[in-house]
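J.: Take this structure first; my questions come after.
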Amino acid sequence: MFSPGTPDLALRMVAFLAGGRPPGDRVFRTVLVDTSHSGASFFEYMGTGRQPSWQRFEEFYLSFARLGMMPLAGDIADINAARPASLVIVNPRGPLAGDETECMRDFVSGGGRLLVLDTIMNSGSIANEMVRSFGLGVVARPMAAMGGGPKTARARGVGRRPGLDPVLEIVGGETMLADSTGRVMVARAAYGAGEVLVAVDSYAYSEAGLGRPLQPASAYESCLPRYRALFHLLGRLR
């Protein structure tokens, strides 16, 4: 339903059958999901026997619709034309043009929200290049170096992949979520009239963490803590 180009067609088909006009009373907040710098797939429909992947985010993309938002696939350059409420970039990769950096700053300072998700498995990440000017950063540290400092929140099944070392941690901004070791996994920073959110590890919100669309209902049960954490995070974009 929320694949590119489908919503308007579906709404107008229903309106035609009902003998009325396309519904225009309800306003959806548009979320622009960047595909030019996201090292992720949002629309690759699965075949039988395919192994879950940390680079596929179909369920993540559909979750915007579940929260009453309208996801739109595009590029950072589409911000002015699409006029979204939020911009989302998953597993950011470069290169990033100078005008794109300025475009993101203008978008956030004008009241927009930017969400950047990354993972230690995203080699060549440009997350720091994207969020540096907002006072945020992402660093890789060995798990052994992570202390058991004070916890601001508990991840409840979100984040660290068992046996993965090193891990990512967010520095700067205001901590919104930390794991049991105190590692900051979600942080925010106000910028002008808008807000920037950075989250690690995106693995938890990929097909490998959330499962795949159209799976049996029983398969979702083990993923519920991750879905709750995802909905809480995406709720900041509404």
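J.: Taking 0.36 nm per residue of sequence separation and subtracting the Cα-Cα distance, how much length would be gained by fully extending the chain between S180 and S36, in nm to one decimal? List each step's numbers first, then the result.
T.: Working: separation 144, 0.36 × 144 = 51.84 nm, distance 3.43 nm.
Extra length available between S180 and S36 comes to 48.4 nm.
J.: Out of residues 5 or more away from R29 or on other chains, whose amide H comes under 5 Å of its own, with H placed 1.01 Å from N in the peptide plane?
T.: Result for R29 returns M70.
J.: Tell me, what is the FRET efficiency for S218 and A77 to the nearest 0.05, using R0 = 41 angstrom and their Cβ-Cβ distance as r? Show your work: numbers first, answer last.
T.: Working: r = 42 Å, r/R0 = 1.04.
The pair S218/A77 has a calculated efficiency of 0.45.
J.: Starting from the amide H of V167, placed 1.01 Å from N in the peptide plane, find each other amide H under 5 Å away whose residue is 5 or more places distant or on another chain.
T.: Answer set, sorted by chain and number: R141, M143.
Computed from the coordinates by the stated procedures, all read-outs in this text should not be read as laboratory data. This one's a predicted model, so the numbers in the text were calculated from it and none came from an experiment. A quick note on method: Cβ atoms are made from the backbone with ideal geometry, for glycine too, and the neighbour counts reach across all protein chains shown.
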